[in-house]
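Where a number appears in this text, it was derived from the coordinates with a stated rule and is not lab data. Because the structure is a prediction, the values reported are computed rather than measured. Cβ atoms come from the backbone with ideal geometry, glycine included; neighbour counts cover every protein chain shown.
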Amino acid sequence: MCGIVGAIAKRNVVPILLEGLHRLEYRGYDSAGVAVARGTELNRMRRLGKVSVLEEAVQAAELNGHSGIAHTRWATHGVPSECNAHPHMAGERIAVVHNGIIENYKPLRQMLEAEGAVFESQTDTEVVPHLIQRGLRQGLSLWEAFRAAVAQLEGAYALVVLDQENPDRLLAARKGSPLLLGVGVGERFLASDPSALIPVTSQLVDLENGDMVELSADQHQIFNRDGQPVQRALRISQLDPTSVSRGEYRHYMQKEIFEQPMALGRTLQGRLPLDDAPLALGEKTMSLLANARAIRILACGTSYHAGLTAAYWFESLCRLPCRVEVASEFRYRDSYPMPNELVIAISQSGETADTLAAVHDARERGFDGVLAICNVDESSLARAADAVLLTRAGPEIGVASTKAFTTQLAALALTVLALAEREGVRSDMRQALLRLPTQVEEILAMDSAIEELAAAFADKHHALFLGRGVHYPIALEGALKLKEISYIHAEGYPAGELKHGPLALVNEEMPVVAVAPNDSLLEKLRSNLEEVRARGGQLFVFGEDGAVDHGGGMRFHSMPACHPFISPILYVLPLQMLSYHVAVLKGTDVDRPRNLAKSVTVE
């Protein structure tokens, strides 16, 4: 995996391919490559490192052509290297780019090598061009050879194929990994993400699982998994080109942190009436919630932390049992539903492979419906669910999630409020949510003060984040942010667990960050902080004035008073800002941290 762009037109497509790769850089990658057909020549160029390195080489070689494919790779099989970068070829004729994982590539490779095929890479992808070439040697047409190759693949894939002898055609297939078609006037495009196609078209076709496509500059044909021609709906993308630019900000992550008041406002808009009318979450969503007598949340990474937070809400405010599971673990253990147990699946992109697979497994096990909380309307998760509650965060480019996380919490808060109001309107909770965007702005105004705290972390190698109750997941999220972008080893713990192990690590070199809102657990937290202070730990505490003693060994940052319902959303904001400023001080690649991808579309 990570990013695919394909183009066929009556003009030079190289600038389109390179611009598309630049727009996919946010997804994370370690190498990039391009293959272009010009007449009967097929020219390939690959480079380790940034797209800009590839771009310089392409421009120096004056590559051009009317059809081509391009890719940014995030290593799964084989180390990051030029020979493992896409596109992969069989001989001089067939070039392929691929996202996903071919699970049965080893037996396929052994079969092909036994027949004389020579492999140049360690990747699973390289079996695909060799399988197509094998079909061509057997006398099949290009389309027949492509279909025969795809039929032998197990796993997840989005594939685009360029043939030296048919430069006026591109072939593509999709199973499990996202791929969409872009339609222009006298040109067609393929991409794994709509942001790659913003400069050239807003007319998009979402390909479904099992679809195969043959396209020329003027037309395209789509076939389903049975080989039958099908029509897929054409939609107009609402993606604003300015929404995927940094504007005045130094990094995308910084921009997205400061977009949170607007993103939260959009997520709540129209769903939270000013009077006592029922919440407007959509008929399907309200029906699923009305029938729910238990909740199972499936998610990964930051979305998992959002689910953990919501579990406290569902149980304390709605009196519903709620279990939160890492999607990749749910798939591989025996777990069966309680009566009327609703699945809530959370994913920023809606393409997270483990979450999609977990939803499929949940259906087979008999769970009572699936509600998706997602940021992308036409995503695989949105299509797989019975109802969707969109987060309306807008495009999130930085790999470390910020506004996607807080809008997920806002969407989950709406579902909690809808269930809590079964017995009457909760005006205090409604008012808290309505005030949320304004209070977020108030906290973001403290950015310069948070930046000053960052200097204390820049030379550290480890950090602990502490929280209690509903703020324990916020501590987990704060630790995740710091480790993701600054490469400081950080762990989140329930504060009460300090004495059960982590306290052994605390000394003057260990920053300890505590989330200390003025709630029912504050007195317990004070005792935990004293345990740290007694052992010389450096304490960094976020709380309301008067929450804790500001004595020696502590740096206290004052937070505004807030309703307990929205406290987790507000308290994650300074942790996001802290992580950002620490990463800037350390000089890391804030938006594209090493080894990570934005949308994890492989298991």
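In the chain, the longest principal axis of the Cα atoms and the axis of helix 567-586 are about 60 degrees apart. Which distance in Å, rounded to a whole number, links the C-alpha centroids of the range 468-546 and the range 1-55? Here the two parts' Cα centres lie 45 Å apart. Residue ranges 441-454, 11-24, 475-488 sort as 475-488, 11-24, 441-454 when ordered by packing (mean number of other C-beta atoms within 10 Å per residue, highest first). Against the chain, whose longest principal axis is taken from its Cα atoms, helix 427-444 shows a tilt of about 70°. This ranking places H220, H360 by how few other beta-carbon atoms lie within 10 Å of each, fewest first, which gives H360, H220.
Listed from fewest to most Cβ neighbours within 10 Å, the set S527, S67 follows the order S527, S67. Within the chain, antiparallel bridges make up roughly 60 percent of the DSSP beta bridges whose residues both belong there.
Protection proxy ranking of 265-271, 555-561, by the mean of other Cβ atoms within 10 Å over each peptide's residues and highest first, is 265-271, 555-561.
The calculated Kirkwood hydrodynamic radius for the range 123-191 is 12.9 Å, given to one decimal from all distinct C-alpha pairs. For the pair S202 and S527 in one chain, pulling the backbone fully straight at 0.36 nm per residue adds 111.3 nm over the alpha carbon distance. Residue separation of L434 and Y487 scaled by 0.36 nm, minus their Cα-Cα distance, works out to 15.5 nm of gained length.
When you restrict to C-alpha pairs under 8 Å that are six or more residues apart and normalise by the size of the chain, the relative contact order lands at 12 percent.
Full extension of the segment from K106 to V185, taken as 0.36 nm per residue of separation minus the current Cα-Cα distance, would add 24.3 nm. Over all Cα atoms in the range 2-243, the spread is summed up by Rg and Dmax: 16.3, 52 Å. Expressed per residue, the C-alpha convex hull volume of the range 446-589 stands at 94 Å³.
Per-residue ellipticity at 222 nm, computed for the chain from helices alone with -39500 (n - 2.57) per DSSP H run of at least four residues, works out to -10500 deg cm²/dmol. Any chance you could give the angle, 0 to 90 degrees and rounded to 10, that helix 301-317 forms with the longest Cα principal axis of the chain? The angle comes out at about 40 degrees. Among residues other than R392 with Cβ under 11 Å from its Cβ, the summed charge is +2 (Lys and Arg +1, Asp and Glu -1).
Computed over the range 247-444, the quotient of the alpha carbon radius of gyration and 2.2 N^0.38 Å is 0.99.
Sticking with the crude label model, points 7 Å out along Cα→Cβ, report the distance from D545 to H360 in nm, one decimal please. Here the answer is 5.6 nm between the modelled labels.
Under 15 Å of direct C-alpha separation, and excluding same-chain neighbours fewer than eight residues apart, K586 reaches these aspartates and glutamates: E451, E452, D459, E484. In this structure, the residue pairs whose Cα-Cα separation is over 30 Å, taken from K284/K403; K106/K175; K255/K524; K50/K175, are K255/K524. Using the average count of surrounding beta-carbon atoms within 10 Å as a protection proxy, the listed peptides 564-570, 221-227 rank, highest first, as 564-570, 221-227.
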